[in-house]
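K.L.:
Next up is a structure, given as structure tokens.
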Amino acid sequence: MYWPAVPIVKCLGIGLVKHYQSEGSLNKKIDVGLIILEPHISNILNGHKTIELRKMNHKKHIGKKIALLQGGMIRGYAVIEKVIHYKSKSDLIKDQKKHRASEWMYDNDDFSYRYGYVLKHVEKLENPKPYKHPQGAQIWVKL
């Protein structure tokens, strides 16, 4: 069934909700979540951070709506628009305002956080929902 991109209005007509129904990945069931620690998850949900740095490239999640997880709770949702591969420290520094990483990451000889997940259509849940966290999950969780 096709749903046009129309804002969903609260039942009593009070205010407008940021959720939109549309065709494509935004309309599908969300089956995976990305674990993000504080303060990073709050910065993402408040719009101060648009790129989440990671050590691994997970291309299979590009274009999918994912849950943003922290402390056993679903705090919000986002779409991974693309993954940026930072080949040099200077490339990483150019996007500092988007990923908000500390300078110690640039000075670290390891320089292991080379992948930036560009997050779009971020939705913050006013009332976070609990989820069942499987034992051993550290990055991705199947919901």
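K.L.:
With the requirement that a residue be under 12 Å from ILE80 (Cβ atoms), at pLDDT 95 or above and hydroxyl-bearing (Ser, Thr, Tyr), what does the range 24-55 give you?
P.N.:
Within the range 24-55, just THR50 meets the criteria.
K.L.:
If you go through the range 109-128 one residue at a time, how many are modelled with pLDDT of 90 or more and surrounded by 10 or more Cβ atoms within 10 Å (Cβ to Cβ)?
P.N.:
Going through the range 109-128 one residue at a time, the tally reaches 12.
Let's see how each residue does on (1) at pLDDT 90 or above; (2) closer than 21 Å to ILE139 by Cβ:
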site	(1), (2)
LYS65	yes, yes
HIS85	yes, yes
ARG100	no, yes
ASP107	no, no
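K.L.:
Follow-up question, since we're still on this one. I need the full set of residues from the range 92-141 which are among the charged types (D, E, K, R) and without any contact (Cβ under 8 Å) to a residue 40 or more places away in the chain, in order please.
P.N.:
Those that are among the charged types (D, E, K, R) and without any contact (Cβ under 8 Å) to a residue 40 or more places away in the chain: LYS94, LYS97, GLU103, ASP107, ASP109, ASP110, GLU126, LYS132.
K.L.:
Right, another one. Residues that are in contact with a strand residue (DSSP E or B) (Cβ under 9 Å, 6 or more places away or on another chain) and of a type in the set (Phe, Trp, Tyr): find the helices (runs of 4 or more DSSP H) completely inside the range 45-143 holding 3 or more of those.
P.N.:
Hits in the range 45-143: none.
K.L.:
Filter the range 27-67 for residues that are of a type in the set (A, V, I, L, M), touching a residue at least 40 places away in the same chain (Cβ under 8 Å) and closer than 23 Å to LYS97 by Cβ and give the result.
P.N.:
Scanning the range 27-67 gives LEU34, ILE44, LEU45, ILE51, LEU53.
The values are calculated or read from the model by the stated rules, or taken from the named source; none is laboratory data. Quick caveat, the model's predicted, so the values are computed rather than measured. Methodologically, a virtual Cβ is constructed for each residue, glycine included, from the backbone with ideal geometry; neighbour enumeration extends over all protein chains shown.
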